[in-house]
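Just dropping this structure here.
Since every read-out is calculated from the coordinates, none of them should be taken as a lab result. Just so it is clear, the structure is predicted and the values come from calculations on it, not from any experiment. Cβ placement follows ideal geometry from the backbone for every residue including glycine, while neighbour counts extend to all protein chains displayed.
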Amino acid sequence: MARLARLARLTRWYGAGPMHLLVLLASLALTGYAVERLVADRPLAVAIWFVGAAVAHDLILLPLYSLADLSARAVLRHRRERAATVEWINHLRVPAFLSGLLLLVWFPLILDLSEPYPGATGLSADVYLGRWLAITGILFGAAAVGLALRLRAARRTGRREPR
């Protein structure tokens with residue numbers, strides 16, 4: 001009984017269950033290990049990368065994807081509401097984010113700006129653009145199917161999801 005009371009007190013204090021806390025601590029330990037290994041080898045390069053990533057995100061990417069999100073909401077804001085609706089914006093945000101992340105990571109290969117990679121991978125640099133476009137299409141297609149299924153379920157029950 002006292003054990004359950006302590007667990008309930010921990011949950012109230014922390015705001016989530018003990019498994020969440022355990023996973024959080026494990027991820028922090030893994031991150032600390034990775035940072036320690038990286039900083040031990042190349043501390044200046046890691047510091048430059050971290051500052052560059054923060055500046056690029058805050059000054060370039062955040063305004064861009066905020067503008068894209070506001071634009072998408074503005075385009076569809078004035079449409080007539082139906083009886084059953086679902087929140088649609090995440091069906092646009094998630095595939096756009098994943099596609100953008102893939103482009104950010106692989107842009108030298110996708111845009112054919114890289115010289116040493118064909119020799120290292122054994123693949124021609126010509127395949128990356130087509131594959132990225134195919135993955136992007138699959139992501140948006142899966143999101144569209146997911147939205148269609150949610151709309152159908154909402155129409156069947158006649159409910160509205162909160163905005």
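Can you give the FRET efficiency to the nearest 0.05 for Val46 and Ser124, using r as the Cβ-Cβ distance and R₀ = 30 Å?
Here the calculated transfer efficiency is 0.40.
Out of the trypsin sites (Lys or Arg not before Pro) in segment 23-113, which ones are loop residues according to DSSP with at most 10 other C-beta atoms within 10 Å?
Arg77, Arg79, Arg80, Arg82
Using the beta-carbon distance between Leu64 and Met1 and R0 = 45 Å, what value does 1/(1 + (r/R0)^6) give for FRET efficiency, to the nearest 0.05?
E(calc), rounded to 0.05, equals 0.25.
Sequence gap at least 6, Cα distance under 8 Å: using those rules, report the relative contact order of the chain to the nearest whole percent.
Worked out over the chain, it gives 25 percent.
Which whole-percent values make up P(r) of the chain when all C-alpha to C-alpha distances are grouped in 5 Å steps starting at zero?
1, 7, 8, 10, 11, 13, 15, 13, 10, 7, 4, 2, 0, 0
In nm, give the distance between the simple-model label positions of Leu151 and Phe97, each being 7 Å from the Cα along the Cα-to-Cβ direction.
2.2 nm
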